[in-house]
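Data block below; observations after.
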Amino acid sequence: MTTSGRLTVEYEHLNEFFDAKNVLVTGGFGFVGGHVTKRLVDLGANVTVVDINTDPQRDSIMNCASMDLRSKVLVQKADVVDVNAMKEIIHEGRFHFIFHFAAYATVIEKAVSAPYDTIMANTMGWVNVLEACRTANHKPNMIFLSSTDKVYGEMEGDSYTEHLTPLRGIGVYDSAKLAADVFSRTYHEAFGLPTVTLRMCNIYGPYDFNMGYRLLPKAMANIFGNSEPTAPELYFDAIEHHRDYLYVDDLVTAILLLAHGKKCRGEVYNLSAGTYLPTPQMLKTIVEQAVQVEKEFDSDRAEKILNNGISIHVRSTGATVHAITKQHLNGSKIEDATGFRSQADFLSSLRETIRFYRNYLKTKNEGC
């Protein structure tokens with residue numbers, strides 16, 4: 001797999017497909033939206049990026065000087081909750097493809113602290129996109145929704161399977177995404193809109209700047225963010241958790257394959273994971289690989305990282321945080337429909353990601 005505009009031979013049919021196409025990416029200054037934007041630009045698409053925060057100082061792949069990505073797209077500052085703004089952008093843009101990643105909260109703690117804002121952005125933001133498409137004279141070829149494995153709720157059995165596993169998400173974030181997920185089907189069946197929904201797992205890779213909440217970026221801040229490394233934190237109630245993990249380059253390929261496949265319209269897919277691990281094992285692996293990376297630069301600091309290990313903490317948030325114990329997606333449907341399979345080697349891609357964070361946190365004043 002490569003992050004450039006050219007893909008492996010297995011997926012080379014994507015290389016010309018997006019060339020000169022008009023594409024909208026909402027939430028393009030975020031982690032996944034930014035990576036999708038970069039790949040589309042590399043493939044020759046005319047990309048418009050909508051985000052509520054387009055500040056040039058924001059930590060985002062869009063603002064990285066080494067990428068020079070911002071100058072290659074049309075940036076529009078707008079809130080997906082503003083139905084009129086979304087109608088104006090979509091009606092005027094005459095987009096061939098729309099990729100929707102805009103969200104208020106992507107972690108359960110933030111969603112609990114602001115439930116109304118989470119529901120408005122994560123549910124009604126998507127409805128506003130759909131309404132704009134429904135009323136537009138020029139209909140997109142595909143409208144993609146980034147959903148989540150959390151819509152399923154607590155797992156029974158070995159994995160979640162589309163249309164067989166009940167949707168029982170109960171947290172604020174889970175339910176808001178679940179509602180959006182349902183509206184995808186509604187707007188396809190009632191109005192014929194070409195929606196595609198992907199229920200995603202935990203994604204890792206460079207340029208994820210959510211260091212306050214997400215497991216890997218937060219661990220990187222502990223290990224590389226200060227003069228001396230500190231132990232990454234593991235919440236006590238997460239000791240029994242199991243999660244799927246997929247490298248971001250693989251995710252972007254999966255999304256573009258779904259956009260390419262006309263038979264995928266109106267369907268919902270689980271994302272095929274690259275690795276399924278207990279959360280303590282994932283964090284332990286992060287520490288071990290951080291040690292290996294740091295040995296290339298500073299053997300003494302590498303030894304400190306190793307000796308620090310992992311710090312276990314009791315979650316300070318109240319009982320309103322509903323964390324699912326086990327989440328594992330059956331990805332056979334997306335593989336059957338698109339041929340998608342994870343290409344990234346887990347440990348190699350993890351080390352590549354760690355190297356990015358080490359460099360970024362060591363030279364933060366210089367940008368990325």
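Brief remarks follow.
- Checked against (1) charged (D, E, K, R); (2) modelled with pLDDT under 95; (3) under 23 Å from Leu347 (Cβ atoms), Lys218 passes all but a single condition, namely (2).
- Of all residues in the stretch 210-230 being of a type in the set (A, V, I, L, M, F, W, C) and buried (at least 19 other Cβ atoms within 10 Å of the Cβ), the one that is farthest from Ala302 (Cα to Cα): Leu215
- Identity of the residue in the stretch 149-178, outside any loop (DSSP other than H, G, I, E, B) and among the β-branched types (Val, Ile, Thr), that ends up nearest to Ile324 (Cα to Cα): Val151
- Members of the stretch 199-229 found to be of a type in the set (Ser, Thr, Tyr) and part of a loop (DSSP other than H, G, I, E, B), listed by number: Tyr207, Tyr213, Ser227
- Within the stretch 223-266, considering residues that are β-branched (Val, Ile, Thr) and more than 30 Å from Thr197 (Cα to Cα), the one farthest from the chain's Cα centre (by Cα): Thr230
- The residues listed here are Ile239, Ile255; of these, the one that is touching a helix residue (DSSP H, G or I) at 6+ places or on another chain (Cβ under 9 Å) and surrounded by fewer than 17 Cβ atoms within 10 Å (Cβ to Cβ) is Ile239.
- Looking only at the stretch 263-299, residues that are free of Cβ contacts under 8 Å to residues at least 60 places away in the same chain and either assigned to a helix (DSSP H, G or I) or more than 30 Å from Asp336 (Cβ to Cβ) (or both) come to 10 in all.
- Answer residue from the stretch 93-120, given it is part of a helix (DSSP H, G or I) and among the polar types (S, T, N, Q) and is modelled with the lowest pLDDT among those: Ser113
- So Asp244, is it buried (at least 17 other Cβ atoms within 10 Å of the Cβ), under 17 Å from Gly30 (Cβ atoms) and modelled with pLDDT of 95 or more: no
- The set of residues in the stretch 182-225 being more than 20 Å from Gly28 (Cα to Cα) and among the charged types (D, E, K, R) consists of Arg185, Glu189, Lys218.
- Filtered residues of the stretch 35-84 (kept if at pLDDT below 95 and part of a helix (DSSP H, G or I)): none
This table checks each residue for (1) in contact with a strand residue (DSSP E or B) (Cβ under 8 Å, 6 or more places away or on another chain); (2) buried (at least 18 other Cβ atoms within 10 Å of the Cβ); (3) of a type outside the set (Val, Ile, Thr).
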| residue | (1), (2), (3) |
| --- | --- |
| Gly266 | yes, no, yes |
| Ala273 | yes, yes, yes |
| His328 | yes, yes, yes |
| Ser332 | no, no, yes |
| Gly339 | no, no, yes |
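- Failed item, numbered, when Ile255 is tested on (1) closer than 24 Å to Ile312 by Cα; (2) among the aliphatic types (A, V, I, L, M); (3) touching a residue at least 60 places away in the same chain (Cβ under 8 Å): (1)
- Residue pairs whose Cβ atoms lie under 6 Å apart, sitting 6 or more positions apart in sequence or on different chains, and linking a residue in the stretch 59-87 that is surrounded by 16 or more Cβ atoms within 10 Å (Cβ to Cβ) to a partner that is part of a helix (DSSP H, G or I) and among the basic types (Lys, Arg), are Met62/Arg70; Leu69/Lys38.
The values are calculated or read from the model by the stated rules, or taken from the named source; none is laboratory data. All values derive from a computational prediction rather than experimental measurement. FYI the Cβ positions are ideal-geometry reconstructions off the backbone, even for glycines, and counts take in every protein chain you see.
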